[in-house]
Amino acid sequence: EVLSKSFRGHSAHDVFRAVHLLKKKNFKVGVQLMPGLPGDTRAKSINGSIILAKMEPDLARIYPTLVLKDTPLHKLFLEEKYSPLSLDDAVEVSRDMLAVFINHGVNVIRIGLQPTKDIAEGVRVIAGPFHPAFGELVKATLFREQMVWAVTHLFQRGTLLKKISLFVSQRDCSLAAGHKRDNLHYLKESFSLDEIKIIARKELSRGDLGVASLEKEDPDLVVPGKQFISFYADQLM
């Protein structure tokens with residue numbers, strides 16, 4: 001339905017056949033998904049990522065649909081027959097699709113349209129969820145889900161806290177904080193926290209997360225990234 005409404009000129013069966021033939025001839029295979037196309041839904045986008053991930057492509061790209069000037073989609077938009085995803089909705093569905101691909105070992109090499117001079121200045125983008133750091137928004141939002149999970153489980157141990165520390169890999173500090181420190185603001189509001197401190201630890205691998213009360217030098221709870229992604233992706237299936 002989505003391919004037909006988007007005038008893509010091929011069917012889902014064509015995709016399956018193409019991937020099969022390419023892999024049979026030992027080509028590296030990349031797949032690309034565009035959540036937010038005409039006729040698409042959140043469930044369809046996630047299900048599509050699950051189906052394609054199980055086909056074991058070598059890499060994937062996730063490009064939320066943008067309305068570009070002087071395109072058929074632009075005409076549908078002007079006729080009020082198409083509405084693009086909001087930025088928040090695009091980030092959330094892309095987050096879930098990313099989790100699916102990571103869980104299946106598929107390398108996601110791009111999330112969000114590559115900014116160019118025209119696109120960055122808004123010359124061609126008429127509407128849709130464009131953000132110059134869209135990929136970072138998505139990754140930070142997925143990491144936030146892990147942070148929420150970890151803090152929730154810490155509180156379930158009967159620990160009443162107002163100040164906590166988050167222990168992460170040195171390369172994950174920006175993801176933990178989020179765009180404009182949105183992740184920290186979210187955690188403070190969600191758990192009525194007064195203070196959150198991010199502590200970089202060399203011994204932690206990328207994606208791993210530790211949490212503890214602010215006074216402690218070591219985490220009370222460590223959530224391995226792979227374990228969380230597996231848990232999170234399984235909830236989407």
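The values are calculated or read from the model by the stated rules, or taken from the named source; none is laboratory data. All of these numbers come straight from a predicted model, not from anything done at the bench. As a convention, Cβ positions derive from the backbone with ideal geometry for all residues, glycine included, and neighbour counts pool all protein chains shown. These area figures cover heavy atoms from the full protein model, side chains too; ligands, DNA and RNA do not enter into them. Shrake-Rupley method; radii C 1.70, N 1.55, O 1.52, S 1.80 Å.
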Compute the acute angle (0 to 90°) between the alpha-carbon long axis of helix 134-156 and the principal axis of greatest extent of the alpha-carbon atoms of the chain; round to the nearest 10°. 40 degrees
For the chain, which span is the longest to avoid every loop-located (per DSSP) member of chymotrypsin sites (Phe, Trp or Tyr not before Pro) having at most 16 other Cβ atoms inside 10 Å? 28-237
With +1 on the Cβ of every Lys and Arg and -1 on the Cβ of every Asp and Glu, the dipole magnitude of segment 5-53 about its Cα centre, in debye rounded to the nearest 20, is 180 debye
Leaving out ligands and nucleic acids, note down the accessible area per residue over the chain with a 1.4 angstrom probe, in whole Å². 56 Å²
Assign unit charges at the C-beta atoms only (+1 for Lys and Arg, -1 for Asp and Glu), then state the dipole size of segment 51-145 relative to its Cα centre in Debye, rounded to the nearest 20. 180 debye
Translational D in µm²/s for the chain (Stokes-Einstein at 25 °C, 0.890 mPa s, Kirkwood Rh from C-alpha pairs): 126 µm²/s
Of all accessible heavy-atom area on segment 123-213, the percent that carbon and sulfur account for (1.4 Å): 48 percent
Cross-link table Lys162/Lys216; Lys28/Lys139; Lys24/Lys54, entries beyond 19 Å C-alpha to C-alpha: Lys28/Lys139
Counting alpha carbon pairs within less than 8 Å and at least 6 residues apart, what relative contact order, in whole percent, applies to segment 7-73? 37 percent
Averaging sequence separations of C-alpha pairs under 8 Å and six or more residues apart, then dividing by the length of segment 18-159, give the relative contact order as a whole percent. 26 percent
For segment 92-164, the spread of Cα positions along each principal axis, largest first, Å: 54, 31, 16
Within segment 152-237, DSSP-loop GluC sites (Glu not before Pro) with at most 11 other C-beta atoms within 10 Å are Glu203, Glu215, Glu217
Just how large is the dipole of segment 131-206 about the Cα centre, in debye to the nearest 20, putting +1 at every Lys and Arg Cβ and -1 at every Asp and Glu Cβ? 200 debye
Go ahead and run the numbers for FRET between Asp218 and His74, Cβ-Cβ distance against an R0 of 41 Å, rounding to 0.05. 0.15
For a quick check: with amide H placed at 1.01 Å from N, whose amide H comes under 5 Å from Ile126's, ignoring anything fewer than 5 positions away on the same chain? Val67, Leu68, Lys69
For a label point 7 Å from the Cα of Arg206 along Cα→C-beta, name the residues of segment 43-66 whose backbone N is under 19 Å from it. 58-62
Under a 5 Å amide H to amide H cut-off, with H placed in plane at 1.01 Å, what residues pair with Ser83 once short-range neighbours are removed? none
Output wanted: per-residue J couplings in Hz (rounded whole) for segment 222-227, from phi through Karplus 6.51 cos²θ - 1.76 cosθ + 1.60, θ = phi - 60°, x for Gly and Pro. 10, 10, x, x, 4, 5
Given points 7 Å out from each Cα along the Cα-Cβ axis, report the Glu195 to Phe155 separation in nanometres with one decimal. 2.0 nm
Computed label-point distance, nm, for sites Asp234 and Phe27 using a 7 Å Cα→Cβ extension: 3.6 nm
Taking all pairs of different Cα atoms in segment 158-208, averaging 1/r and flipping that mean, what Kirkwood radius in angstroms comes out? 11.5 Å
Please list, in chain and number order, the residues 5+ apart from Gly207 or on another chain whose amide H is under 5 Å from its amide H, with Hs placed from the backbone. Ser169
Compare the Cα positions of Gln146, Phe231, Gly30 along the charge dipole of the chain (+1 at Cβ of Lys, Arg; -1 at Cβ of Asp, Glu; about the Cα centre) and return the one farthest towards the positive end. Gly30
One quarter of the convex hull surface, Cα atoms only: what value does that give for segment 20-147 in nm²? 8.6 nm²
Considering only protein heavy atoms and a 1.4 Å probe, what is the carbon-and-sulfur percentage of the accessible area of segment 59-104? 50 percent
Points 7 angstrom from Cα along the Cβ direction at Leu87 and His13: gap in nanometres? 4.3 nm
What trypsin sites (Lys or Arg not before Pro) in segment 109-157 are in a loop by DSSP, with at most 13 other Cβ atoms within 10 Å of the Cβ? Arg157
Determine the gain in length on full extension of the stretch Leu3-Lys54; use 0.36 nm per residue of separation and subtract their C-alpha separation, reporting nm with one decimal. 16.4 nm
